[in-house]
Amino acid sequence: MDKANFPVPENEPERLIHLSTLDIDYTTLDDSLKDLNRLAAKVAGTDISLINLIDAYTQWTVSSHGLDLKQMAREESVCQYTIMGEQEFEVLDLSADERFSQRFYVGDPLSLRYYFGIPLSDNGINIGALCVLDTTLKTLSPEKIELLRIIADEVVNRIKCYHAIENMQTQLENAAQVNKKVAHDIRGPLAGIIGLSEMINQQGNSAQLTEVLQFIKMIHTGSRSLLDLADEILTNNDRETNARQHELNLSTLQNKLLELYIPQATYKGINLKVDINEQTKHVAFERYKVLQIIGNLISNAIKFTPSNGTIQVSLDMVVNAHQNCLDFTVTDSGIGIEQHRLDQLLSGKAGSTVGTGEEKGYGFGLPLVKHLVDKLGGSLSIHSMMGQGTNFKVSLPQRPI
């Protein structure tokens, strides 16, 4: 495939590993980011603003304003071009650009025309994009573009702040007094940030761009949800709940996987099932990297399974006296992978491959899975036969909780 029509950042392996270190549950960020989304749409004067994170297979809309969108295949997105560089990416008329003119969001009923995106960059690594869209043609002034850049930087700050506070909770869950001090220290800055955001909203359309710029520059990190999180730590009314913020069990993992990946499977006409061991469904385990590992395997299976095919995910917690083990399999009825191709994929030396629905492949999903599994001290085995599908089996040892 012509690489010019298949945008992949030069640092794609590093980019995916960096995104995985944030260990993001894509369903949990909206409360922290929705005020910035509204602000971006207001600044740009557009109907729609989206905050998107892009992994090996999927563009995840972690917060949306003006459009109810959760995800789309990476190769269908406009933001895949935005993450290619340091500068913003603008499309004046999506319907006149052959890269996007046939996409679903250009036709009825959405009829989107204008796109402007800014990379969400963390230490020079683009993990996604902040974009604004509209059904009418328009251009943005340099002042508005500068404001959007500031908002994009704040989006990254909030994601990192949320991640850091979650990690801090886990590390300090048994040190109540230290937790109280931490919560006390972050309440003041967060309350000030929220107050500034409310001032901007109250001024409404009467606010001048220079005034909005001054307010936004004062915003550093945080959101209403983080303030609530600080309240939880400070009051410590439910220690058990706080201590288990970073845990899953088979039942909650099953629900999250269905919520995240049923839309992809349904769009392609694939029957996705997720089964669990009922006897151990309430045994807790650490969330760390689990969603990234299973999610990449499911996305890979969807890509290489034709319509009317099936994907079976089985989740099990093996309880042992000394160490529990999270075991799961992802089995598809897809086209299969030849052994030499599989060896190339796991070594990171394979190029892109087109899926059964003409989905573009980036060649990095399975190497990322192997990297994460190895890092967690787990094991990965793959059995595949051409024309008969592929079975992935992963075993992850669990630290005592």
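Things to note:
- Residue selected from region 80-103 under the condition within 17 Å of THR135 (Cα to Cα) and not aliphatic (A, V, I, L, M), by the criterion surrounded by the most Cβ atoms within 10 Å (Cβ to Cβ): PHE100
- Every pair of residues 6+ apart whose Cβ atoms lie under 7 Å, when the first sits in region 151-174 and is in the same structural domain as LEU130 (by TED's automatic domain parsing) while the second is modelled with pLDDT of 85 or more and among the polar types (S, T, N, Q): VAL156/SER121; ARG158/SER32; TYR162/SER32
- Of all residues in region 5-51, those satisfying the criterion of being of a type in the set (Lys, Arg) and under 17 Å from the mean Cα position of the chain (by Cα) are ARG15, LYS34.
- Unique residue being assigned by TED's automatic domain parsing to the domain that holds ARG103, touching a residue at least 60 places away in the same chain (Cβ under 8 Å) and within 20 Å of LEU137 (Cβ to Cβ) when the list is TYR26, TYR81, TYR57: TYR81
- Residue pairs whose Cβ atoms lie under 8 Å apart, sitting 6 or more positions apart in sequence or on different chains, and linking a residue in region 369-388 that is without any contact (Cβ under 8 Å) to a residue 12 or more places away in the chain to a partner that is among the hydroxyl-bearing types (Ser, Thr, Tyr), are HIS383/THR390.
- Subset of region 222-280 [of a type in the set (A, V, I, L, M, F, W, C), over 23 Å from the mean Cα position of the chain (by Cα) and modelled with pLDDT under 90]: ALA230, ILE233, LEU234, ALA243
Table: residues versus (1) farther than 22 Å from HIS18 by Cβ; (2) of a type in the set (Lys, Arg); (3) buried (at least 19 other Cβ atoms within 10 Å of the Cβ); (4) modelled with pLDDT of 90 or more.
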position: ASN324; (1), (2), (3), (4): yes, no, yes, yes
position: ASP327; (1), (2), (3), (4): yes, no, no, yes
position: THR353; (1), (2), (3), (4): yes, no, no, no
position: GLY357; (1), (2), (3), (4): yes, no, no, no
position: GLY361; (1), (2), (3), (4): no, no, yes, no
position: GLY365; (1), (2), (3), (4): no, no, yes, no
position: VAL373; (1), (2), (3), (4): no, no, no, yes
position: SER379; (1), (2), (3), (4): yes, no, no, yes
position: GLY389; (1), (2), (3), (4): yes, no, yes, yes
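- If you go through region 329-340 and keep only what is charged (D, E, K, R) and exposed (fewer than 14 other Cβ atoms within 10 Å of the Cβ), you end up with just GLU338.
- In the set LYS160, LYS138, only one residue is of a type in the set (Lys, Arg) and under 20 Å from SER64 (Cα atoms); that residue is LYS160.
- Residues located in region 102-137, provided they are without any contact (Cβ under 8 Å) to a residue 60 or more places away in the chain, under 15 Å from ILE51 (Cα atoms) and of a type in the set (S, T, N, Q): SER121
- Search result, residues across region 56-90 that are touching a Lys or Arg at 6+ places or on another chain (Cβ under 7 Å) and over 16 Å from TYR261 (Cα atoms): SER63, HIS65, GLU75, GLU76, GLN80
- LEU140 surrounded by 18 or more Cβ atoms within 10 Å (Cβ to Cβ), within 20 Å of LYS42 (Cα to Cα) and in contact (Cβ under 8 Å) with a residue 12 or more places away in the chain: yes
The values are calculated or read from the model by the stated rules, or taken from the named source; none is laboratory data. On a predicted model such as this, the values are computed, not experimentally measured, just so you know. For neighbour counting, all protein chains shown are included, and Cβ atoms are generated from backbone atoms with ideal geometry for every residue, glycine included.
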